[in-house]
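The values are calculated or read from the model by the stated rules, or taken from the named source; none is laboratory data. Here the structure is a predicted model, which is why all the values come from computation and not from measurement. Note: ideal-geometry Cβ built from the backbone for every residue, glycine included; neighbour counts use all protein chains shown.
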Amino acid sequence: MTDTSLPQDEAELSVSILDFTPVPQQRRRYDGWSPETQKRFIRALSAMGSVGAACRALGKGRVSAYRLREREGAESFAAAWDAAIEKGKRRQFDYFLDRAMNGVTTVHIQRGGSVSVTGGPDMSLVRAAMAK
């Protein structure tokens, strides 16, 4: 059985990222940036390291996210955003590096049922990790 718990400092960082004051809503909208949506955005940002990817995951636009960040009273949200994006970038770098060093296994199933298995480092990921 593998241990899937986060290291102590990683768990504390996750809690501190989500410990922010949500930006006050100017008006209530069913598809607006509610406090819960803001927390989901910060979680997605810490996992993905990309504002665009986090917005797509929530069905939100990048422009509205940046507008929310610039609103009055958004200082705590902006600080959480910055911390989350750093964490996400580190996580993506670690992922790329692991795949690059340990390689990937690809299974190809051809017509007629023949199977070929290839493996090795993913050089596109090596280049992407080194570019960051």
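Give me the pairs: first residue in region 70-94 and free of Cβ contacts under 8 Å to residues at least 60 places away in the same chain and crowded, with 19+ Cβ neighbours inside 10 Å, second residue part of a helix (DSSP H, G or I) and of a type in the set (D, E, K, R), beta-carbon distance under 9 Å, and six or more apart or on different chains, which are they?
Cβ pairs passing all conditions: Phe77/Arg69; Trp81/Arg69.
When you scan region 104-113, do you find a residue that is surrounded by fewer than 12 Cβ atoms within 10 Å (Cβ to Cβ), within 22 Å of the chain's Cα centre (by Cα) and hydroxyl-bearing (Ser, Thr, Tyr), even just one?
Scanning region 104-113, I find no residue that is surrounded by fewer than 12 Cβ atoms within 10 Å (Cβ to Cβ), within 22 Å of the chain's Cα centre (by Cα) and hydroxyl-bearing (Ser, Thr, Tyr), so the answer is no.
Of Tyr95, Tyr30, which residue is modelled with pLDDT under 95 and within 30 Å of Met123 (Cα to Cα)?
Answer to the selection: Tyr95.
Considering only region 97-109, I want to know if a residue exists there that is basic (Lys, Arg), over 19 Å from Trp33 (Cβ atoms), free of Cβ contacts under 8 Å to residues at least 60 places away in the same chain and touching a helix residue (DSSP H, G or I) at 6+ places or on another chain (Cβ under 6 Å). Reasoning before the result, please.
Of the residues in region 97-109, the ones basic (Lys, Arg) are 99.
Applying the additional criterion that residues be over 19 Å from Trp33 (Cβ atoms) yields 99.
Going one step further and asking which of them are free of Cβ contacts under 8 Å to residues at least 60 places away in the same chain, we end up with 99.
If we keep only those that are touching a helix residue (DSSP H, G or I) at 6+ places or on another chain (Cβ under 6 Å) as well, we get 99.
Yes, that holds for at least one residue.
Check Tyr66 against each of (1) assigned to a helix (DSSP H, G or I); (2) farther than 25 Å from Met130 by Cβ; (3) at pLDDT below 90; (4) not small (Gly, Ala, Ser) and name the one condition it does not meet.
(3)
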